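Beneath this line is the structure, given in structure tokens, with notes to follow.
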Amino acid sequence: MRKCKICGNLVKTIVNFGKMPLANGFVRDIPKDEFKFPLIVGFCPVCYMVQLEETVKPNQMFNENYAFISSTSNAMAKHFEEYANHIMRDIIKGKKNPFVVELGSNDGIMLKHIAKNNIMHLGVEPSHNVAELARANGVNTIEAFFNKETAEIILNKYGKADVICGANVMCHIENINSVYEGVNVLLKDDGVLFFEDPYIYDIVLKNSFDQIYDEHVFYFSGLSISQLAKRHGMQLIDMKHQEVHGGSMRYYIKKGFVNKQSKEVDNYIEKEKKLNMDKYEGYVKFKDNVKNVCKDLKNLLVKIKKEGNRIVGYGATSKSTTLLNYAKIGPDLIDYICDITPTKINKYTPGTYIPIKSYEHFVKDNVSYVLLLAWNHKEEILKKETRFRERGGKFITFFPKVIVE
Ligand code: TMP
Ligand code: ZN
């Protein structure tokens, strides 16, 4: 048992996945000895935060080799354009010289729209390679992890921010208390902090345990975020559900405790309590569900293979590292995984060493079964792959249960 990273109380283990490699640790050559760490997810019964019990040092995950590039999905590009429009239309409209800061701005997928409108902005991004891509997109970017010290540097150079935001970044930051300390320094008194991350409610409902990997230190809910904000003298004022990443939640936070609060906050927290997410009991069944999905999927793949068919994976996602390693699905079952990300092609998946090939390779290949590892992009991918399905190709998906369609 470990201490909660937020409140210091003891965390109760939900699932122990055993030793896992880094989710984005795609390798050019099969290594003799790969870095692994114990992937264990637990629940704090005091502040309700679901979290990893053991973590990996940030610079081991986010460095010059970081392989995740945001702009690889049309749907995500659209999502972030809408995100930027939401900031301009609903949050900073009418403000004089507004200043927008994004944490974990990656290749500038969101901020480039803010930049295009000549709005003062700053991306805070620790990975050098993606920060460079953002600059090429016209996005002002500093290479740093966000905390109180970084906030002070930004404050001295640019002044206070009207908006501090992030998508799929807050849940990555182990010392999240330091982020809130930084927000308290940098955010204007009437400014808004908002961010979105995979929603633990969706993960539990869909069994989508593959969201659990080294980079995702926290799995937020309205319950846990309202507690966290309170600790730092802030208030959760709104929640908006997002369809991305298999179900995400956007949380809006303001300084002080007398802000107008949307009724959505109470509604979502009520729903979470109905699933018992404020108690350890709410997570007990999840462990069995995870095991059952893995067993069913592995059995199906073995059966398809035995019948003489080939199977390939679609999308070398970070999250598939947990699925493939935990369910023990390797190159004996999956010939290769196709992906459009240049930083992943011709490498191998972490821990399971399945080769990653280009999309063009897949298009020319006459394979009958595709394991949809990028299941969160199902709609976009199924639309794109009508030819594959017309010629009898089948997609295998697995959350909440295994389906061939
Ligand atoms: P994500 O689920 O973390 O967004 O990662 C999606 C991965 O799937 C990323 O490596 C890009 C890849 N991908 C494709 O190869 N083709 C596609 O059409 C889409 C939508 C994603
Ligand atoms: Zn706690």
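Derivation of every value follows stated rules applied to the coordinates shown; laboratory data play no part. Computed from a predicted model, the values in this text were never measured in an experiment. In this analysis, Cβ positions are derived from the backbone assuming ideal geometry, glycine residues included, and neighbour counts consider all displayed protein chains.
The distance linking segment 292-344 with segment 168-231 is 30 Å (Cα centroid to Cα centroid, whole angstrom). Across all Cα pairs in segment 9-69, the calculated P(r) in 10 Å bins from zero up to the longest distance comes to 19, 41, 29, 10, 1 percent per bin.
For residue 95, the lysines whose Cα falls under 24 Å of its own Cα, not counting residues fewer than eight places away in the same chain, are 112, 116, 157, 160, 188, 240, 254, 255, 260.
Cross-link partners for residue 96 among the aspartates and glutamates, with Cα-Cα distance under 12 Å and sequence neighbours closer than 8 places in the same chain left out: 162. Counting only aspartates and glutamates at least 8 places from residue 383 when in the same chain, those with an alpha carbon closer than 18 Å to its own are 243, 339, 360, 405. Counting only DSSP beta bridges whose two residues both lie in segment 135-284, roughly 65 percent are antiparallel.
Give me the tail of P(r) for segment 70-283 as a percent: Cα-Cα pairs with distance above 20 Å. Counting every Cα pair in segment 70-283, those more than 20 Å apart make up 57 percent. Rg and Dmax of segment 252-337, both derived from C-alpha coordinates alone, stand at 20.5, 65 Å.
Cβ neighbours within 10 Å, averaged per peptide: list 189-200, 101-112, 25-36 in order, most packed at the top. Write out the running numbers ahead of the final one.
Working: 189-200: 22.5, 101-112: 27.1, 25-36: 13.0.
Put in order of decreasing packing, that is 101-112, 189-200, 25-36.
Among 19/347; 271/291; 5/57, which pairs are too far apart, with a Cα-Cα distance over 18 Å? Cα-Cα > 18 Å for 19/347; 271/291; rest within. Annotation: extensible slack from residue 267 through residue 188 equals 25.6 nm (criterion: 0.36 nm per residue apart, minus Cα-Cα distance). Tally Lys and Arg at +1 and Asp and Glu at -1 over the other residues with C-beta under 13 Å from the C-beta of residue 389: what net charge comes out? Local charge sum for residue 389: +3. Each Lys or Arg adds one and each Asp or Glu takes one away; over the other residues whose Cβ falls under 10 Å from the Cβ of residue 355, this sums to +1. Among the DSSP helices (H) of the chain, those spanning at least 24 angstrom by Cα along their long axis with an average Kyte-Doolittle hydropathy of -1.0 or more are 284-306; this is a geometric and hydropathy rule only. Please report Rg over Rh for the chain, where both radii come from the alpha carbon positions and Rh follows the Kirkwood definition. With Rh from the inverse mean 1/r over Cα pairs, Rg/Rh is 0.96. For the chain, a Gaussian network of Cα nodes joined below 10 Å ranks 86, 172, 121 by mean-square fluctuation, and the top entry is 86.
Please compute the net charge surrounding residue 178, taking Lys and Arg as +1 and Asp and Glu as -1 over other residues with Cβ under 10 Å from its Cβ. It works out to a net charge of -2.
Hey, if you drop one equal point scatterer on each alpha-carbon of segment 297-404 and run the Debye formula without solvent, what base-10 log of I(q)/I(0) do you get at q = 0.10 Å⁻¹? Once normalised to I(0) and log-transformed, intensities are -0.24. Taking 55, 321, 386 in turn, the Gaussian network model of the chain (Cα-Cα springs below 10 Å) assigns the largest fluctuation to 386. With Cα atoms as the point set, segment 1-127 shows a radius of gyration and Dmax of 19.2, 58 Å.
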